[in-house]
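> Let me give you the structure first, and then I'll get to my questions.
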Amino acid sequence: MVFSSHLFLFYFLPLVLLFYYVAPRKIRHAGLTVFSYFFYGWANPLFMLLMLLSTLIDYTCGLVLDRYTRHLDEGINFSKALLMRKVALLVSVCSNLALLAFFKYFNLFVESWNALVSVLHFPSAAVNVAFTVVLPLGISFYTFQSMSYTIDLYRRKVSVMRNFVDFACYVSLFPQLVAGPIIRFSEVADQLRSRTHSFEKFARGFAFLSLGLAKKILLANACGKIADLAFGTAGIPVYTAWYGIVAYAFQIYYDFSGYSDMAIGLGLMLGFVFPKNFDSPYMSRSITEFWRRWHLSLSCWLRDYLYIPLGGNRKGSLRTYVNLMIVMLLGGLWHGASWNFLVWGGLHGSLLALERFRDELNHRFPGHLPAVPGIFSLPVTFFLVLVTWVFFRAADLGAAFHYLQAMFGLSTSTASGSLINAVLYSPYYLASFGAAIACTWAGRQTWDWTRTIGPIKAVVVVLLMIVSVCIMTTQDFNPFIYFIF
């Protein structure tokens, strides 16, 4: 079930809100959990069992951690308490990572292994499996989310959640379940115990929902069609190749930020305040700044639970560069089980390391290195982001390199490549592309625009919702990009 569907907007959501505001407070979380499991199991009911398993493991490990933390503080069997805390944490982390690795990377491992033994002429070593592992929706998000609970509990940053229903509600909460933001337990622990509800909060939530839906329907879907045609047609001219990759940059941004807006809005309508997930990333003037603005919940999660534990920047320059590469390579693989994502992550890791190396040289030898003029830093950063997006969007590495050749005039245009221009440059697609440009570099962020909702803004919000729903009826089914991650 997706947010941009009649089933969700006119049936599921009204039913959830009706239950939530009519039901007694003490059963609200139980009801939200049931609705969330129904929402998640709509695609495949078996997925619910997997999420329940992950929830049970982390809930149990949390109780064990709490018990032996208290033993540690009280001086009861000190060595055993230390050991059991580590065991509980390892069980939680390893079980979540094992589930993620199997369901997300099993197929990639088999395909890569068989390709390797074929190249080495050892066909007898090939792995033959009679099944293909289906990737459960949202597993990358809720495993990271659930792990944050046990890790923070081990670090003594949060208190144990003894109520299983409340913990299950946290893991399964449908607004951010399948595509984020990645909500850490520490960010909503107090809200799970008690939170406020108000008309202002609900109104802002509806505004978030309306603007997010408009981003998805009016901008992301149209730009996605441009990108699909450009990437799916051989022999396109240079200008069309750049048109296609810029359109994809807009598609993935408005698709994902639109979903995040809707998730934040739905949370507000239920009384939850979720953190900001995007901060105008295409306004960045460096790749380092880009990762401070793009997918903030993932960036912060990788920083706090991977980069800093690896040593961060505290163990010398070389170790810092290595840590950056490890984090970005794993971040790339987190996005998808494909060598494309590994290359994408490696490119970003290399750029981050290069920027840090440049900054260190500037610090040691001030004024000796030429700097990119401030007026050019934004377009240069956007250019680098576009080049890396090619690997994110292309079907495989071969297709990515072919598309890069088209972008830089190293391939020959064909008649078929020119024929699609009649579609790509139609008024509808050009208008959508232009609107995306205006919103990206001249518009205000949803987070800021919705801080106050006056009469004029209320009319805009309602009109956008009506227009988006009307256009949604004319579009093909188009799930959110990050559903597959």
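The values are calculated or read from the model by the stated rules, or taken from the named source; none is laboratory data. Since we're looking at a predicted model, the values are computed, not measured. Here Cβ is always computed from backbone atoms with ideal geometry, including for glycine, and neighbour counts include all displayed protein chains.
> Can V64 be described as closer than 18 Å to L330 by Cβ, of a type in the set (V, I, T), at pLDDT 90 or above and surrounded by 16 or more Cβ atoms within 10 Å (Cβ to Cβ)?
Here the answer is no, as V64 does not meet what is asked.
One line per residue, one yes/no per condition, for (1) modelled with pLDDT under 95; (2) closer than 26 Å to H402 by Cβ; (3) out of contact with any strand residue (DSSP E or B) (no Cβ under 7 Å at 6 or more places or on another chain); (4) assigned by TED's automatic domain parsing to the domain that holds S411:
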residue	(1), (2), (3), (4)
L211	no, no, yes, yes
A222	yes, yes, yes, yes
K225	yes, yes, yes, yes
A230	yes, yes, yes, yes
Y239	yes, yes, yes, yes
W242	no, yes, yes, yes
A249	no, yes, yes, yes
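> Let me ask you something else. Inside the range 28-80, can you point out the residues that are over 24 Å from the mean Cα position of the chain (by Cα) and not in a helix (DSSP H, G or I)?
Of everything in the range 28-80, those that are over 24 Å from the mean Cα position of the chain (by Cα) and not in a helix (DSSP H, G or I) turn out to be G75, I76, N77.
Every residue, every condition in (1) buried (at least 23 other Cβ atoms within 10 Å of the Cβ); (2) without any contact (Cβ under 8 Å) to a residue 60 or more places away in the chain; (3) not hydrophobic (A, V, I, L, M, F, W, C), yes or no:
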site: F256; (1), (2), (3): yes, no, no
site: S260; (1), (2), (3): yes, no, yes
site: L268; (1), (2), (3): yes, no, no
site: F274; (1), (2), (3): yes, no, no
site: D279; (1), (2), (3): no, no, yes
site: L302; (1), (2), (3): no, yes, no
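> In the range 388-400, how many are surrounded by fewer than 16 Cβ atoms within 10 Å (Cβ to Cβ) and either under 23 Å from P281 (Cα atoms) or of a type in the set (A, V, I, L, M, F, W, C) (or both)? Lay out the reasoning, then the answer.
If we filter the range 388-400 for residues that are surrounded by fewer than 16 Cβ atoms within 10 Å (Cβ to Cβ), which is where we start, we get 395-398.
When the remaining residues are screened for being either under 23 Å from P281 (Cα atoms) or of a type in the set (A, V, I, L, M, F, W, C) (or both), the result is 395, 397.
So the count comes out to 2.
> Sort out which residues of the range 242-271 are of a type in the set (G, A, S) and farther than 22 Å from C439 by Cα, and write them in order of number.
Of the residues in the range 242-271, the ones of a type in the set (G, A, S) are 244, 247, 249, 257-258, 260, 263, 265, 267, 271.
Hits for the range 242-271 are G267, G271.
> Where the second residue is loosely packed, with under 12 Cβ neighbours inside 10 Å and the first is of a type in the set (A, V, I, L, M, F, W, C) and lies in the range 63-81, which pairs have Cβ atoms under 8 Å and are six or more apart or on separate chains?
L63/R162; L72/F78
> Any chance you could count how many residues in the range 426-436 are touching a residue at least 40 places away in the same chain (Cβ under 8 Å) and more than 30 Å from K201 (Cβ to Cβ)? Let's see the steps before the verdict.
Restricting attention to the range 426-436, the residues satisfying the condition of being touching a residue at least 40 places away in the same chain (Cβ under 8 Å) are 428-429, 432-433, 435-436.
From what is left, the residues that are more than 30 Å from K201 (Cβ to Cβ) are 428-429, 432-433.
Selection size over the range 426-436: 4.
> While we're here: Is there any pair with a first residue in the range 118-142 that is over 27 Å from V93 (Cβ atoms) and a second that is part of a loop (DSSP other than H, G, I, E, B) and hydrophobic (A, V, I, L, M, F, W, C) whose Cβ atoms are under 8 Å apart and which are 6 or more apart or on different chains, and what are they?
S118/A126
> For the range 443-478, which residues satisfy the criterion of being part of a helix (DSSP H, G or I), in contact (Cβ under 8 Å) with a residue 24 or more places away in the chain and of a type outside the set (S, T, N, Q)? Break it down into steps so the answer makes sense when it comes.
Taking the range 443-478 first, the residues part of a helix (DSSP H, G or I) are 446-449, 455-472.
Retained after the next criterion (residues that are in contact (Cβ under 8 Å) with a residue 24 or more places away in the chain): 446-447, 449, 457-458, 461-462, 464-465, 467-469, 471-472.
Residues satisfying the conditions are W447, W449, K457, A458, V461, V462, L464, M465, V467, V469, I471, M472.
> Out of the range 39-61, which residues are aromatic (F, W, Y) and at pLDDT 95 or above?
Filtering the range 39-61 down to residues aromatic (F, W, Y) leaves 39-40, 42, 47, 59.
Residue satisfying the conditions is Y59 alone.
> Quick check, is I308 surrounded by fewer than 16 Cβ atoms within 10 Å (Cβ to Cβ), at pLDDT 90 or above and of a type in the set (V, I, T)? First the steps, then the outcome.
On the way: surrounded by fewer than 16 Cβ atoms within 10 Å (Cβ to Cβ): yes; at pLDDT 90 or above: yes; of a type in the set (V, I, T): yes.
Yes: the conditions hold for I308.
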